Each structure stands twice: as structure tokens, then as C-alpha cells.
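Asker: First the structure, then my questions, so here it is.
The values are calculated or read from the model by the stated rules, or taken from the named source; none is laboratory data. Treat the numbers as computed from the prediction; the structure is a model and nothing was measured. With ideal geometry, Cβ positions are generated from the backbone for all residues, glycine too; neighbour counts draw on all protein chains shown.
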Amino acid sequence: MDRDFNRDTLEKAFPDGLIGCRVHFFDTIDSTNSYAAMLAAAGAREGEVVIADCQTAGRGRLRGRVWQSPPGRNLYTSVILRPDVPPVSAPGLTLVAGVAVAELLDGYCPVSLKWPNDALAGGRKISGILTEMRSTKSTVDFVVVGIGINVNMEPCDFQEELRTLSTSLKEQTSTEISRLDLTARLYRLLEKWYRIFLGEGLGPVRDRWLECSDIVGKTVEITDRDVVQRGTCQGIDDEGMLLVVDGKGRTVPVRSGDVTIQKER
């Protein structure tokens with residue numbers, strides 16, 4: 001396990017740039033997203049980050065899902081952003097984070113993005129993203145972007161029911177990965193794509209996201225609570241919603257749900 005992943009080294013790792021301008025590091029915390037939201041509500045600066053070696057209550061995007069967060073293995077971080085965009089545009093930050101994660105992980109192994117917030121390696125989940133926003137009707141107060149990456153977990157570290165569904169960089173590369181280097185690269189890429197999003201809108205981000213995914217033209221099934229939709233993915237709209245053509249030829253925008261690509265028969 002990497003011994004350089006601690007408060008001192010992390011505080012020195014990001015001397016320049018927006019993201020990582022201040023580091024809040026914890027050996028153990030319930031949820032980096034929850035703590036980052038508390039900091040943001042109290043006035044924390046844009047770019048401040050929360051990092052933990054272990055989470056006791058890491059959260060997945062869908063209600064009730066828990067992100068497995070053992071110590072000494074992975075990266076659990078949340079970033080505070082205060083974008084000057086209307087609230088309707090803020091969900092695009094999930095795609096911003098997805099592109100940054102995909103470009104990061106692609107330096108280690110082939111990955112693909114699953115809408116809206118997962119990265120897959122070998123068809124199994126290697127990273128998840130959880131964005132949470134506080135806003136008024138017309139103004140974004142803050143967005144917390146939470147990112148979890150399975151870095152050095154062994155197959156036996158995963159809960160038994162997750163072993164066929166999840167993977168890690170170490171499993172994919174047979175190499176121990178420096179979490180400090182990984183974190184520094186992630187923040188640089190996230191800042192790069194965040195600035196593109198602020199300066200040029202969602203278009204370039206969406207185009208890059210689609211390059212990192214293989215979903216367009218595929219038959220998909222979207223499950224959102226008890227509602228299941230099927231159709232052919234057409235792309236992503238200007239608000240980051242998935243566009244699906246249903247059986248009647250109608251283009252339906254999908255805001256949320258668990259998406260699976262259906263195998264061709």
C-alpha cells in the first residue's frame with residue numbers, strides 16, 4: 001500500500017491551479033460528499049477538495065446504494081465547484097467528471113463510460129461519480145462532485161456479490177498504483193474539462209464523452225425506480241440528458257436511471 005497518501009503529501013501536491021487549492025484529508029470519514037457539502041454551505045472556496053483514506057458511509061448515485069470504501073486501497077474524493085451557469089446546465093458537470101475520469105483511467109487500461117456516471121473496465125465498474133447541487137431557481141450556489149475510483153483492490157476485497165460487477169486498476173493492470181499520482185492527474189484533468197465547460201458550454205464535453213462511450217446506436221434499457229424504458233440511444237442533449245428513440249419512433253429525453261446496453265440477438 002502507498003505510504004505517501006497522507007495529509008502532508010496531499011497538501012503539497014497541488015501548489016497551482018483551482019482544484020486542490022485547499023485539501024481536507026481524513027483517515028476515516030462517513031462520506032466525502034456530505035462533508036464537502038457542509039463546507040460549501042459554510043462558504044468554502046471553489047476548488048477545495050475533500051479526500052479520505054476510508055469512508056464508512058460512501059454513497060452511490062441511486063438511492064440506497066453504498067460505495068464500498070475500505071482503507072488503504074482506493075481514491076474517495078469530493079470537489080467543491082461554484083459554476084456561473086444556470087441550474088439547468090449544472091447536471092453537465094457529471095459528464096465533465098466522467099470525461100476527466102475516462103481520460104485518467106485510459107492511461108492505465110481501456111475504459112468506457114456508462115451514462116450518466118460510471119466508468120467500466122472489462123465491462124465491470126471501476127469508478128463512480130455522484131454530483132449534488134444546491135441552488136435557487138436561477139442561480140447555482142455550489143455543486144459537489146464526488147468521485148470514487150477502485151485503485152488497488154484485489155478481487156477478494158470486494159463483497160462477494162460485487163466481484164463479477166466491479167474491478168480495480170490493480171486487477172486490470174496487475175500493478176500497484178500510486179494514489180497520490182492518480183489524484184494529482186485527476187484534478188488536473190477535471191480542471192481542464194471544467195474550464196472547457198465554463199468557456200465553451202457542454203458541446204465539447206458531450207462530444208468527448210460520447211467518444212469515450214459505445215452507447216450511441218445501441219438498444220438500451222433504463223430502469224428508474226419501478227419504471228423501465230427501452231429504446232435506441234441517439235445521443236445526449238444540451239442539458240446532459242440521454243436521448244432514446246422508443247418503439248414508436250419518438251425521441252424521449254431521459255434525466256436519470258440505471259442504463260444497461262442490451263445484447264444483440
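Asker: Would you check if there is a residue in the range 73-81 being closer than 26 Å to Leu198 by Cβ, assigned to a loop (DSSP other than H, G, I, E, B) and at pLDDT 95 or above?
Answerer: no
Asker: Give me the residue from the range 155-177 that is modelled with pLDDT of 95 or more and either small (Gly, Ala, Ser) or not assigned by TED's automatic domain parsing to the domain that holds Arg73 (or both) and, out of that set, nearest to the chain's Cα centre (by Cα).
Answerer: Looking at residues that are modelled with pLDDT of 95 or more and either small (Gly, Ala, Ser) or not assigned by TED's automatic domain parsing to the domain that holds Arg73 (or both), I get Ser168.
Asker: Turning to a different aspect of this structure: Which condition number does Gly235 fail, the rest of (1) without any contact (Cβ under 8 Å) to a residue 60 or more places away in the chain; (2) part of a loop (DSSP other than H, G, I, E, B) being met?
Answerer: Going through the list (1) without any contact (Cβ under 8 Å) to a residue 60 or more places away in the chain; (2) part of a loop (DSSP other than H, G, I, E, B), Gly235 breaks only (2).
Asker: If you don't mind, another one. Kindly indicate the residue of the range 36-55 that is of a type outside the set (A, V, I, L, M, F, W, C) and either in contact with a helix residue (DSSP H, G or I) (Cβ under 7 Å, 6 or more places away or on another chain) or not assigned by TED's automatic domain parsing to the domain that holds Ser174 (or both) and also farthest from Asp157 (Cα to Cα) among those meeting that condition.
Answerer: Among them, the one singled out is Glu48.
Asker: Let me ask something else about it. I'd like to check something: does the range 170-177 contain any residue that is touching a residue at least 24 places away in the same chain (Cβ under 8 Å), part of a helix (DSSP H, G or I) and at negative phi?
Answerer: yes
Asker: Now for a separate question. Report the residue count in the range 32-61 for those that are part of a helix (DSSP H, G or I) and touching a Gly at 6+ places or on another chain (Cβ under 7 Å).
Answerer: Total meeting the criteria: 2.
Asker: Cβ contacts < 7 Å: first residue touching a residue at least 24 places away in the same chain (Cβ under 8 Å) and in the same structural domain as Ala57 (by TED's automatic domain parsing), restricted to the range 22-35; second residue assigned to a strand (DSSP E or B) and among the aromatic types (Phe, Trp, Tyr), any location; separation 6+ or different chain. Result?
Answerer: Within 7 Å, the pairs are Thr32/Tyr76.
Asker: Follow-up. Restricting attention to the range 1-19, report how many residues are within 26 Å of Thr175 (Cα to Cα) and either among the hydrophobic types (A, V, I, L, M, F, W, C) or at pLDDT 95 or above (or both). It would help to see each step written out before you state the result.
Answerer: Step one: of the range 1-19, the residues within 26 Å of Thr175 (Cα to Cα) are 1-14.
If we keep only those that are either among the hydrophobic types (A, V, I, L, M, F, W, C) or at pLDDT 95 or above (or both) as well, we get 1, 5, 10, 13-14.
Residues meeting the conditions: 5.
Asker: Also: Test Asp118 against the criterion of being of a type in the set (Asp, Glu) and either closer than 17 Å to Gly240 by Cβ or surrounded by 22 or more Cβ atoms within 10 Å (Cβ to Cβ) (or both), and give yes or no.
Answerer: When the stated conditions are applied, Asp118 passes them.
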